[in-house]
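All of the numbers you see were taken from the coordinates with simple rules; none came from a lab. The structure presented is a predicted model; accordingly, all values stated were derived computationally and were not measured.
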Amino acid sequence: MRREPHVEASRATEGTAVAYPDDLLSTGEHVVIHQHPHWKTLVVPALVLVVAVGGGGWLAVLVSDFGWASIARVVLAVVVAVLVAWLALAPVIRWRTTHFIITSERVMYRIGVFKRTGLDIPLGRIDSIRFEHTLLDRVLGCGTLVIESASDEPLEFDDIGRVEKVHSMLYREINDNPADDHRPGDRVADGRA
């Protein structure tokens, strides 16, 4: 009996559900899991934002007594804006445009803003899957998913939220394909079932 993967998918991606355009999927294919990288990748950009804005404000107050204070404030504003754009905004955009998707037929990974890169692995080509996570990853609820396929080296997908659940669901999708299930009417060439 085939389970309803979309029901489990909604439970596995609780809080991280994001839409994926159905017109990019083949006929009969449906999304099981769709995630952006784990929120821990946004911690450093958030800290940079706080430090840059706070430090810039503090420095603006320090130079306010000088005659060249208006020029210093403009320079500080430009420096803070560049730091925030480069070290805070760019990583957030990169996070937002990175997608890890498991469908009923393949694993997809999409990354990039200006230069978009995509990777598709058909479920039938996957030899093994495993996950790894450090103590901190376990506390935060994320980890690395490692997929071994026909390629030379295993593919590692870092910062996957709820990696154990994703691993389990991917394993079920690979091994619960109705196309490879035995049906009572199926017979091999010599007549055995």
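General remarks:
- Oblate is the label for region 82-155, because a/c, from the alpha-carbon gyration tensor with a ≥ b ≥ c as root eigenvalues, is 1.5 or above and a/b does not exceed b/c.
- Residue-wise HN-Hα couplings along region 149-161, as the Karplus relation 6.51 cos²θ - 1.76 cosθ + 1.60 with θ = phi - 60° gives them from phi, are 9, 5, 6, 5, 10, x, 9, 10, 10, 7, 6, 8, x Hz; Gly and Pro carry x.
- Shape category assigned to region 42-93 from the gyration tensor of Cα positions, a/c cut at 1.5: oblate
- Backbone phi angles across region 56-68, fed through the Karplus curve with coefficients 6.51, -1.76 and 1.60 (θ = phi - 60°), yield HN-Hα couplings of x, x, 5, 5, 5, 5, 4, 8, 5, 8, 8, x, 9 Hz in residue order; Gly and Pro are listed as x.
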